[in-house]
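Computed from the coordinates by the stated procedures, all read-outs in this text should not be read as laboratory data. Being a predicted model, the structure only gives us computed values, none of them experimental. Cβ placement follows ideal geometry from the backbone for every residue including glycine, while neighbour counts extend to all protein chains displayed.
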Amino acid sequence: MHKKFTACVALFVALILFTASVNGAWQGAPSIAKPDTAALNSTEEILKIVSRLRELDIKQTVHSSFKTKDEIEQSIIRDLDENTPAEEFEATQKTLTKLGLVSKSFRLRDYVVQLLREQVAGFYEPKTKEFYLAAWLPIAEQKRVVAHELVHALQDQHFNLRRFERWPKGDSDAELAAHALVEGEATLVMIEYDFEQQGMKLDTSKIGSLTDGMLEQDTDNDAKSYPVLAGAPKVLKENLQFPYLYGAGFVGAVLKSRSWKGLDASYASLPASTEQIMHPERFLDRDDPVKIEIPDLSGALGPDWKKADGDVNGEFGYLVALAEFIPKRAARVAAAGWGGDRYALYENKSTGALVLAQFTTWDTENDAREFFDAYSDRTEKRYKLAKPMALNPQRRVCDTGEGRASIELRGKDVVMIEGTSSREQLARASERMWQSKKGIANSSK
């Protein structure tokens, strides 16, 4: 569910939400008629400050220049198209639709482009090793963003950010976790910079408590100046904020346990899941996720079916999917015992019908039972069932307006299949899904 576009879009959107929550709502300043070339010199000074705060040497000068709003917009959208082909957007949109997270009429790529146009601002580009400032804003209004993005420049010099541009297909959960490391670190240093500019000192060990409180807040009020963001489906908002809010808490926890040098090692052995970002102790103890391999279901479904999408949801993905339909606190508890998963979406070439099959494994049998019950509750609400599903302790099946849905519990594993057209098709798909294999994921890249 977390595709590459989430990292691209989050360049400024979640940063605004984060700094607004900490220091008051950011307000767009009047456009400046001409870029202030003297402002470019201030970026050098900010780079020195964030280098000191982050304890990373400046290996080379970071060139800065101005770009117009149109130029920055075009650059980011071009990068979006290069990293996320149209067919990947379409596949993700179908999965989100089947999960009930967006409507059938929703157009994911179009909305992401609208978000980019609304939120466009300065950014660091690893390809050119250059930082681009927004030509239409005074430098005084950009200093937080400059500090944040210059941390990325330092990260690039020491850890090579370009390696994250071509992430292997099929594990967006691990990709989102890696981006949370990168963005969380830049966000934490940005806050340190902001505190220092105001004559204060940030206790980085307390950053986790700060982000925990913000995660419970409704940020709609912070987005009043941003109507596209304010109207975005929850799944997009949550994914946009994750690398910044959860990421900053994660980095704060690693610093509390280790040091900046200890954090450096995280780039050699990356966090392997959003679970490790949400629960940093599982990263520190290297409690890596279980890697799931599910068999091809095409034969079980029939000749007109083809695989349209496949990926890993992760703990955060299931938190979002559950919280769309059940209370967020209950969703958080149900998702917390995640051990590993993989899903596959199949589409009927003739009718356009969709079947979503998911294999999940949990830390304990009790964790699996909690998720089984929560996903059953979610399914009743997702399909607006007229009556509750039968309280079978191991397997729950129901007819929906989109085919049959099944949730089955076996020990620490739960398999969910939604959208099959008959009992026989469901039985064949279920038999195949229970032939899935489990192993340990490789967390380095």
- Item | Most mobile listed residue (ALA230, ALA91, ALA147) in the chain, GNM with C-alpha springs under 10 Å | ALA230
- 3J(HN,Hα) from dihedral phi, the stretch 306-315, Karplus parametrisation 6.51/-1.76/1.60, rounded to Hz, x for glycine, proline: 9, 6, 9, 6, x, 5, 10, 7, x, 4
- Note on the structure: Here, LYS349 and GLU365, labelled 7 Å along Cα→Cβ, have an inter-label distance in nm of 4.4 nm
- Item | Rounded Å value of the spacing that divides the Cα centres of the stretch 242-278 and the stretch 98-160 | 21 Å
- Message: For a quick check: sort THR97, THR364 by the number of other beta carbons within 10 angstrom, fewest at the front.
- Response: THR364, THR97
- Query: How do the peptides 413-421, 276-284, 430-438 rank, highest first, by the average count of neighbouring beta carbon atoms within 10 Å per residue?
  - Reply: 413-421, 276-284, 430-438
- Using a simple charge model, +1 on the beta-carbon of Lys and Arg, -1 on the beta-carbon of Asp and Glu, nothing else, what dipole does the stretch 377-445 show about its Cα centre, in debye to the nearest 20? 240 debye
- Using the count of nearby Cβ atoms within 10 Å as a rough guide to exposure, how do HIS158, HIS148 rank from fewest to most? HIS158, HIS148
- Task: List the lysines whose Cα lies under 25 Å from the Cα of LYS127, skipping any in the same chain that are fewer than 8 positions away.
- Result: LYS3, LYS4, LYS48, LYS59, LYS67, LYS69, LYS143, LYS169, LYS445
- Query: Hey, of (1) 20.5; (2) 19.5; (3) 52.5, which did the structure itself give for mean projected area of the Cα convex hull in nm² when calculated?
  - Reply: (1)
- Message: If a paramagnetic tag sat 7 Å from the Cα of GLU141 along the Cα-Cβ line, which residues of the stretch 74-118 would have the backbone N under 16 Å from that point?
- Response: 118
- Remind me, relative contact order of the chain in percent, using alpha carbon pairs under 8 angstrom and six or more residues apart? 16 percent
- Note on the structure: Given backbone amide H placed at 1.01 Å from N, residues whose amide H is under 5 Å from that of LEU297, ignoring those fewer than 5 places away on the same chain, are none
- Message: Quick check for the stretch 290-440: number of Lys pairs with alpha-carbon distance under 22 Å, counting only pairs 8 or more apart or on different chains?
- Response: 13
- Message: Considering all projection directions equally, how large on average is the shadow of the alpha-carbon convex hull of the stretch 233-374, in square nanometres?
- Response: 10.2 nm²
- Query: Given labels modelled 7 Å from the Cα in the Cβ direction, how far is it in nm from GLN114 to GLU196?
  - Reply: 4.1 nm
- For the stretch 340-445 the translational diffusion coefficient, Stokes-Einstein from a Kirkwood Rh over Cα pairs at 20 °C and viscosity 1.002 mPa s, in µm²/s, is roughly 147 µm²/s
- Magnitude of the Cβ-charge dipole (Lys and Arg +1, Asp and Glu -1) of the chain about the Cα centre, nearest 20 debye, reported as 700 debye
- Query: Quick one: of the DSSP bridges fully inside the stretch 290-440, what percent are antiparallel, nearest 5?
  - Reply: 95 percent
- How many nm separate the modelled label positions at LYS127 and LYS437, each set 7 Å beyond the Cα in the direction of the Cβ? 3.8 nm
- Task: For the stretch 105-167, state the semi-axes of the equivalent ellipsoid (square roots of 5 times the eigenvalues of the alpha-carbon gyration tensor), sorted largest first and rounded to whole angstrom.
- Result: 24, 20, 8
- Message: Helix-only mean residue ellipticity at 222 nm, the chain, DSSP H runs n ≥ 4 weighted -39,500 (n - 2.57), per residue, nearest 500. What is it?
- Response: -15000 deg cm²/dmol
- Residues LEU391 and ILE77, FRET efficiency given R0 of 45 Å [Cβ-Cβ distance, rounded to 0.05]: 0.35
- Message: Apply the Karplus curve 6.51 cos²θ - 1.76 cosθ + 1.60, θ = phi - 60°, to the phi angles in the stretch 65-77 and return the couplings in whole Hz, x for Gly and Pro.
- Response: 7, 8, 10, 6, 4, 5, 5, 5, 4, 5, 5, 5, 5
- Query: If amide H atoms are built 1.01 Å from N in the plane of the peptide, which residues on other chains or at least 5 residues away come under 5 Å of the amide H of LYS291?
  - Reply: GLY439, ILE440, ALA441
